[in-house]
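Heads up, the thing below is written out as structure tokens.
Please treat every number below as a calculation from the coordinates, not as lab data. The shown structure was predicted, so the numbers you read here are calculated from the model rather than taken from an experiment. Here the Cβ is made from the backbone with ideal geometry for all residues, glycine too, and neighbour counts use every protein chain on show.
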Amino acid sequence: MQAGQVLLAPIPGHLISMASGYLLGAAWGTFFSVMGTLAGSLLTFWLVRRYGRPIIERLISTATLAHLDEMASRRGLSFFLLIFLLPFVPDDIACLAAGLTTIPIPALMLAVLIGRPPGILVSAWLGATAAELGDQERALLLALYALATVLVATYGERLQRRVLEWIERWPRLRQ
């Protein structure tokens, strides 16, 4: 499921990681979610390199793709590393855009391996912890998650823009 989620970017990956943590515990949930994310990312990079820009233009808005293209050309690998590391940024969409770059796939996979596990671990831990909570605590966690979802839906683009602006100020990594 996690690998498919990377390919179908609108599906929130943290929900799958939380479910993995709930079902398998934090450690195994994290492990399997990271493996799925790596497999999905590799498949995404390969498909985009094989079929090119036309397939991506059907999946990502022109404005978003232009912005990601511009950031990737200016920032290179460091852009994708930070995208994968930071919350509230379109990391699955960036994964699609990364396939359009000339950055070698092994370097992109290293960025995925470094950047994605911390967020996956938090989600899996939350899922594992939810299994130990009482009904009231679980309801509170669900309410907080719903509130966070509403806030991200309402202010997500503004938050993403701010995070992307912050990424622009980071130093470039060598490729």
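For Cα Rg over 2.2 N^0.38 Å, the value calculated from this model appears in (1) 0.99; (2) 1.05; (3) 1.09 under label (2). Whole-Hz Karplus values for the stretch 52-64 come out as x, 4, x, 5, 6, 5, 7, 9, 10, 4, 4, 5, 5 Hz, taken residue by residue from phi with 6.51 cos²θ - 1.76 cosθ + 1.60 and θ = phi - 60°; glycine and proline positions read x. For the stretch 109-114, backbone phi angles converted through the Karplus equation (6.51, -1.76, 1.60; θ = phi - 60°) give residue-by-residue couplings of 5, 5, 4, 5, 5, 7 Hz, Gly and Pro being listed as x.
Arg50 to Ala27: FRET efficiency via 1/(1 + (r/R0)^6), r the Cβ-Cβ distance, R0 30 Å, to the nearest 0.05? Result of the calculation: an efficiency of 0.30. If you take the square roots of the eigenvalues of the alpha-carbon gyration tensor of the stretch 11-63 and sort them as a ≥ b ≥ c, do you get rounded (a/c under 1.5), prolate (a/b over b/c) or oblate? In terms of gyration-tensor shape, oblate. Tell me the angle of helix 135-168 to the major Cα principal axis of the chain, expressed in degrees between 0 and 90 and rounded to the nearest ten. Long axis of 135-168 versus the principal axis of the chain: about 20 degrees. Among 135-146, 72-83, 38-49, the peptide with the highest mean count of other Cβ atoms within 10 Å heads the list, and the full ranking is 72-83, 38-49, 135-146.
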